[in-house]
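Q: To start, I am sharing the structure in question, which I have written as C-alpha cells.
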Amino acid sequence: MDIEFSAEDLTFQEDVRTFIKENLPAGMEMWTKRGEWFEALRKKGGWDVAKWPVEFGGPGFTPTQRYIFDMEMGRNSTPPQLPFGVGMLAPILMNYGSKEQQDRFLPGIRDGSVNWCQGYSEPGAGSDLANLRTRAELTEDGKHYIVNGQKIWTTLAHIAHWIFCLTRTSSDGPKQEGITFLLIPMDDPGVEVKPIITLGGSHSVNEVYFTDVKVPVENRVGEEGKGWTYAKGLLIHERTGLAGIQNSVFALEKAKANAGTVKVGDGTLMDLPRFKNKIGELEAELMALEFTELRSLASVSAGSDPGPESSIMKLKGTEIQQRISLLNLEAAGIYAAAWGNEPIGPGFAKAATGGYLGGRATTIFGGASEVQKDVIAKNVLDLGS
Amino acid sequence: MDLSYTDEQLLLRDSIQKFISDKYDISERIRITASDEGFSRENWSAFAELGWLALPFAEEDGGIGGTSVDTMLLMEEFGKGLVVEPFLPSVVMVGTAISEAGTTAQKAEIIGGTIDGSLISTFAYAEEQGRYDLNNVVTNARSDGDFYFLSGAKSLVLNAQSADKILVSARTSGDSTDAEGITLFLVDAPAEGLKLKNYPTIDGLRASEVSFDNVKVGKADIVGPLGGAAPIIEKITQRAILALSAEAIGAMEVLYQDTISYTKQREQFGHPLSDFQVLKHRMTEMFMEHSLAKSLCMKATMLEVQNAEDAKRTIHALKFLIGKAGRFVGENAVQLHGGMGMTEELRVAHYFKRLMVIDSQFGNADHHLSEFIS
C-alpha cells in the first residue's frame, strides 16, 4: 500500500497541467471560447470524451489517470460539458445501441452540435421512476411507435434537439418490465416544451408533452421492454458523476476566499471560530470522500467491482456541495436578500443566493438522498426489501 | 499508487483474525480485564512468538521492518477484538521513541526486550494542567553531576503497573509551555521515589497516576537530544493517533455490523426492527461514517509513512473525523440495540466505551479540528 503516484502517472499529471495552462480560456473568454477548448481536448487524443472507451475514440485512461484528469480539470474549474449526451446517452448507445445508431448519433454528441435531454421523470414517477406512464404504441405495420404522455423536470429541454426517453410499451407484469428506450427529435410538431422557473429564479428544467408523436422503430435502443435495464446502468453512471468532488474542492477554496473579503469587526468572517469550524469540518469530510473515490477506483483497476464505498459518493458528495453553498450564503450576510438584475453588495452575493437555492436540487435529482439510503441499505448492508 | 495489502500483509491479517476468533471473544476479554494486570501475559508471549511485537521495528534492530501501514492493519483487527494487551504503549509509543532517537544500547535493551516479549514499557507524558498541549510539561528534571532527578506527576499512564520501563517527558530548561527544553528519560520501574496509583479505565484497560519524587536517572537514560524532545513526542503522538484511529475503525465495523444483525432478529410491532426505514437509514449513515473515516485513516497513514508535508494536517483531520464518526456510530449502536445496548452483557457497550475513550486521548475531535484549521 502506498499513496505515491507512479512516475508515469506523475508525467501524465504534468501533461494535464501543462495542457490546462496552455489552453484554458481566461476570465470571460471561458464562455466565448468554449469551442476552442473542447477542440483542443479532442486533438490531444480524445480528452474531450475522457470516459469513453478507446474503440469509440476515448483516450483509454487508466482509473488513476482518470482520477488525475478529473482532479486537475475540477480544480481549475474548466468549462463543463453538458452531461446528457457525452456522459449519459453515449454509454447506453455504446452498450446497447445498434451500429447504425452509434454512427448516426455519437459524432453529434461528441462535437456538441446536437444537444440531448433526458426524458425520465414524470408527474407520477419521481423517485419511483418505474411508475412511468408515457405510452408508446406500435403501429399495425410495426414501423412506428405513437408516443403520448408527459415528462417533467427535463433539464435543458428548451435547447435540446433530441430527447432520450423511457416509455411504456406494456402494462402487463412488474412495472419495471414493459419499458422501452426511445430517441425522439424535439422538433416534432407533437412535442411541446413548457418552462418551469425554479426557486433560484432560473430556467433550466421544463415540462415536455408528447401528443401522437410518431417515432420510427429505428429510434428504439435495444429491445422493446428492456429500457429499464439499460437505464439502470445509466443511472449508476449518472450517480457516480454527481458527487462532484473536484468541483467541491474548488468551490470550498472559493468560499474561503469570499469569506475572507467579508469584514467583521477588525478582521474578516474567516476569523470567526464558528464559521472557520464549519470550513474545517467540510474540508476534512471532503478529504475523506476524495480518498473514498480513490479506494473505489483502486478496486476497479484491480478488476473487482467498485466496492461498497462507491455507493456513498453521490449521497455524501451532494450533501457537501450544499453545505459549501450555504457557507457562501452566510458570507453574503444581508445581501443574501438582494435579487435585482444589478449586482448589489459583494460580488459573490447574487451567485451565493442562487447557488444555495438551486443547489437544493442536488439531493433530489439522480435518485433522492432518501432513496439512495434505501438502495445502500438493501444492496450493501443486506437490510431487507 | 497502490491501495491493496501485499500477500504477506494479508497472511498477517488472517493470522490476527484467527487468533481473535479463537481466543478473544467478549467473555474472554472480560475475564482478562478482571485479572491482576488487566491483560494476559500468555497472549503477550503469543504475540511475540507470532512476530507481531516485531512488526514496526527496523530489521537492523531485530524487527520485521514494517511501517505504519502494517500497524494500521494490526490495530484495525485488534479493534475488532477489543484487544487489551499493551501494544499501544509498548510497541507504538515507546517503540517509536527508541527507534527514532534511542542509542544503540537503548535499542538493544528496549527494542530487543519488546520484540521477544520480555519487556513491557509505557510512556508517561500527560499532565493535568496541560490538557492536550504536548509542550505543557511541568515535571522537572534537575541536573546534579552525572545524574538527573525527576520530580512531578503524570496522568493516565497506560499499563504502568506492568511496565519495566517508563519513558517520561520532563523539563530540563525553559518555561512550562515552551517546546524547547523538554527531555525524554527512561525510568526503571520500580524505582526509589516513583509512586503509582493504579486504576482501571472505563473501557477495560489499566492506567496509573504516576508521581516522581527526586527519581534518580543517569545520563545514559536520556532518549534523544537534551531539551529537544518535542519533535520526538510529536512523532510518538502521530503514530499513536494513527494506531488508535485504525483501532477505532475496527471497533466501528463491529458496531455497525452487530447493529444490522440485531435489528434483523429483534421483532417489534410484528416486524423485525430492520424493516423500519428510519432504522435502515440510520444504519446506512453508520456504515457511511465508518467508510469515510476508514478512507482518511488509510490516507493519513500512507502520508505518514512517506513523511509527506501534509501528513501532520491530515492526521489532525483524521483524529477529528474518528472522534465524530466514533461518537455517531457508537451512540447509534447503543440506541438501536435499545435496552440491551445499555447492558454489559452484549459486546456493543464495550466497543462503545472504547470509542468514547479513543476520542478523549491525544486530543479530542474539537482539539484536532482547531489544530486542523489553524
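Q: Going through A:S304, A:S299, A:S311 one at a time, which residue ends up being within 14 Å of another protein chain (Cβ to nearest Cβ), surrounded by fewer than 21 Cβ atoms within 10 Å (Cβ to Cβ) and not in a loop (DSSP other than H, G, I, E, B)?
A: A:S299
Q: Let me ask another. Within segment A:261-272, is there a residue that is more than 14 Å from chain B (Cβ to nearest Cβ), in contact (Cβ under 8 Å) with a residue 40 or more places away in the chain, over 22 Å from A:M88 (Cβ atoms) and among the hydrophobic types (A, V, I, L, M, F, W, C)?
A: Checking segment A:261-272: at least one residue is more than 14 Å from chain B (Cβ to nearest Cβ), in contact (Cβ under 8 Å) with a residue 40 or more places away in the chain, over 22 Å from A:M88 (Cβ atoms) and among the hydrophobic types (A, V, I, L, M, F, W, C).
Table: residues versus (1) assigned to a helix (DSSP H, G or I); (2) in contact with a helix residue (DSSP H, G or I) (Cβ under 9 Å, 6 or more places away or on another chain); (3) among the small types (G, A, S).
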| position | (1), (2), (3) |
| --- | --- |
| B:F19 | yes, yes, no |
| B:E28 | yes, no, no |
| B:N43 | yes, yes, no |
| B:F47 | yes, yes, no |
| B:E76 | yes, yes, no |
| B:V83 | no, yes, no |
| B:V91 | yes, yes, no |
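Q: Still on this structure: Between a first residue in segment A:128-144 that is assigned by TED's automatic domain parsing to the domain that holds A:E177 and a second residue that is of a type in the set (F, W, Y) and not in a helix (DSSP H, G or I), which pairs have beta carbons less than 8 Å apart while being 6 or more apart in sequence or on different chains?
A: A:L129/A:Y120; A:L132/A:Y120; A:T134/A:F210; A:A136/A:Y145; A:E137/A:Y145; A:L138/A:Y145; A:T139/A:Y145
Q: Which of the following residues is more than 14 Å from chain A (Cβ to nearest Cβ), of a type outside the set (F, W, Y), under 18 Å from B:T301 (Cα atoms) and touching a Phe, Trp or Tyr at 6+ places or on another chain (Cβ under 7 Å): B:M75, B:M93, B:M1?
A: After ruling out the rest, the residue left standing is B:M93.
Q: Sticking with this one: Which condition breaks for A:T198 when tested against (1) under 20 Å from the mean Cα position of the chain (by Cα); (2) buried (at least 17 other Cβ atoms within 10 Å of the Cβ)?
A: Tallying (1) under 20 Å from the mean Cα position of the chain (by Cα); (2) buried (at least 17 other Cβ atoms within 10 Å of the Cβ), A:T198 fails exactly one: (2).
Q: Here are some conditions: (1) touching a strand residue (DSSP E or B) at 6+ places or on another chain (Cβ under 9 Å); (2) crowded, with 18+ Cβ neighbours inside 10 Å. B:P225 meets all but one. Which one does it not meet?
A: (2)
Q: What are the residues in segment B:320-369 that are away from every other protein chain (no Cβ under 14 Å), farther than 25 Å from B:V157 by Cα, assigned to a helix (DSSP H, G or I) and of a type in the set (V, I, T), if any?
A: Across segment B:320-369, the qualifying residues are B:V334, B:V348.
Q: May I ask you to list the residues in segment B:278-288 that are buried (at least 24 other Cβ atoms within 10 Å of the Cβ) and either of a type in the set (K, R) or more than 7 Å from chain A (Cβ to nearest Cβ) (or both)?
A: Residue satisfying the conditions is B:M286 alone.
Q: While we're looking at this one, here's another question. Can you list residue pairs whose Cβ atoms sit under 6 Å apart, with the first residue in segment B:6-34 being outside the structural domain of B:Y351 (by TED's automatic domain parsing) and the second being small (G, A, S) and surrounded by 12 or more Cβ atoms within 10 Å (Cβ to Cβ)? Count only pairs 6 or more apart in sequence or on different chains.
A: Matching pairs, first to second residue: B:I20/B:G81; B:Y24/B:G81; B:I32/B:S40; B:T33/B:G204.
Q: Ok, one more. Suppose we filter segment A:20-39 for residues that are under 25 Å from A:P91 (Cα atoms) and either at pLDDT 95 or above or within 14 Å of chain B (Cβ to nearest Cβ) (or both); how many remain?
A: 0
Q: Further question on the same structure: Within segment B:190-207, how many residues turn out to be farther than 14 Å from B:D36 by Cα and either in a strand (DSSP E or B) or in contact with a His (Cβ under 9 Å, 6 or more places away or on another chain) (or both)?
A: Selection size over segment B:190-207: 5.
Table: residues versus (1) modelled with pLDDT of 95 or more; (2) touching a Lys or Arg at 6+ places or on another chain (Cβ under 9 Å).
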| position | (1), (2) |
| --- | --- |
| A:D111 | no, yes |
| A:Q150 | yes, yes |
| A:T154 | yes, no |
| A:E177 | no, yes |
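Q: Counting only residues that are touching a helix residue (DSSP H, G or I) at 6+ places or on another chain (Cβ under 6 Å) and either farther than 18 Å from A:R66 by Cβ or hydrophobic (A, V, I, L, M, F, W, C) (or both), which one in segment A:3-19 is farthest from the other protein chains (Cβ to nearest Cβ)?
A: Step by step, filter segment A:3-19, then rank; the result is A:V16.
Q: Next question, about the same structure. Would it be correct to say that B:Y262 is in contact (Cβ under 8 Å) with a residue 60 or more places away in the chain, over 19 Å from A:E281 (Cβ atoms), at the interface with chain A (Cβ under 10 Å from one of its Cβ atoms) and part of a helix (DSSP H, G or I)?
A: Criteria not met by B:Y262.
Q: In this structure, is A:T268 surrounded by fewer than 17 Cβ atoms within 10 Å (Cβ to Cβ) and either over 21 Å from A:T64 (Cβ atoms) or in contact with a Leu (Cβ under 7 Å, 6 or more places away or on another chain) (or both)?
A: Yes, satisfied.
Q: Moving to a separate point now. Which residue pairs have Cβ atoms under 9 Å apart, sit 6 or more places apart or on different chains, and have a first residue in segment A:111-122 that is at positive phi and a second that is assigned to a loop (DSSP other than H, G, I, E, B)?
A: A:G112/A:Q81; A:G112/A:L82
Q: What are the residues in segment A:283-296 that are among the polar types (S, T, N, Q) and either more than 7 Å from every other protein chain (Cβ to nearest Cβ) or surrounded by fewer than 20 Cβ atoms within 10 Å (Cβ to Cβ) (or both), if any?
A: A:S296, the sole residue that qualifies.
The values are calculated or read from the model by the stated rules, or taken from the named source; none is laboratory data. Bear in mind that the values here come from a model prediction, so they are computed numbers and not experimental data. Note: ideal-geometry Cβ built from the backbone for every residue, glycine included; neighbour counts use all protein chains shown.
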